[in-house]
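The values are calculated or read from the model by the stated rules, or taken from the named source; none is laboratory data. These figures come from a predicted structure and were not determined experimentally. With ideal geometry, Cβ positions are generated from the backbone for all residues, glycine too; neighbour counts draw on all protein chains shown. For the accessible areas, the whole protein counts, side chains as well, though only heavy atoms, and no ligand, DNA or RNA atoms are used. Shrake-Rupley method; radii C 1.70, N 1.55, O 1.52, S 1.80 Å.
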Amino acid sequence: MSKLSYEDKVEIYNKRKKGVSLETVHQEYKIDARRVKYLVRLIERHGYKIVQKKKNKRYSLTFKIDAINRVLNKGESTWAVSIDLGLPSHGMLSNWISKYKENGYNIVERKRGRPTMPKVTKKKSKETKDETIKRLQEENLYLKAELEYSKKLRAVVQARKNQQQKKK
């Protein structure tokens, strides 16, 4: 599947509206026929602005949960919900749903970028009592967060094990 420029997307839409067959368009641009259909419907619903090149958009947890609930609870199709929300592809919502089910019906935000070492303040040789208290409070807060993270990680791993045992 090749990347399409904004001009290509507009051209595909215009060709389909003029009556050029789906088969011809998808062979000419070497993309899947379903992608052509999705692109046409997306532009019909939201206009040309929706397909303009922009930075990768990040979607909030509430946005993802609402989209997933529309499919799982209300019975709407992933295709219709994706078009309604203006997602770049209908596969994005399908991926969210599969990850949601895989993680025990919880949404886990994927970390972006390189992992970094946590910032731990070092003890100074001559620190005042207030500085010592502040340093210890920061260290305590860090350790609490680390403990909370390990508990959640353990719960996710346990949930996956339980799901695998249920499947057997």
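Brief remarks on what is shown
- Extension gain (nm, one decimal) between Asn73 and Val157, 0.36 nm per residue minus Cα-Cα: 27.7 nm
- Reported value for the range 16-104: 122 Å³ per residue, from the convex hull of its C-alpha atoms.
- Accessible-area composition of the chain, carbon plus sulfur, in percent [1.4 Å probe]: 52 percent
- For the range 5-51, the list of trypsin sites (Lys or Arg not before Pro) that fall in a loop by DSSP and count at most 16 other C-beta atoms within 10 angstrom reads Lys30.
- For the chain, accessible area per residue (1.4 Å probe, heavy atoms of protein chains only), Å²: 80 Å²
- In straight-distance terms, cross-link reach from Lys99 covers every one of the lysines whose alpha-carbon lies under 24 Å from its own, apart from those fewer than eight places away in the same chain; here that gives Lys55, Lys57, Lys64, Lys74, Lys111, Lys151, Lys152, Lys161, Lys166, Lys167, Lys168.
- Applying a DSSP loop filter and a limit of 13 other Cβ atoms within 10 Å to the GluC sites (Glu not before Pro) in the range 1-108 leaves nothing.
- Mean projected area in nm² (Cα convex hull; one quarter of hull surface) for the chain: 15.8 nm²
- Using a Förster distance of 22 Å, the FRET efficiency for Ser94-Ser150 (Cβ separation, nearest 0.05): 0.10
- Using 0.36 nm per residue and subtracting the Cα-Cα separation, the extra length available between Asp8 and Glu23 on full extension is 3.8 nm.
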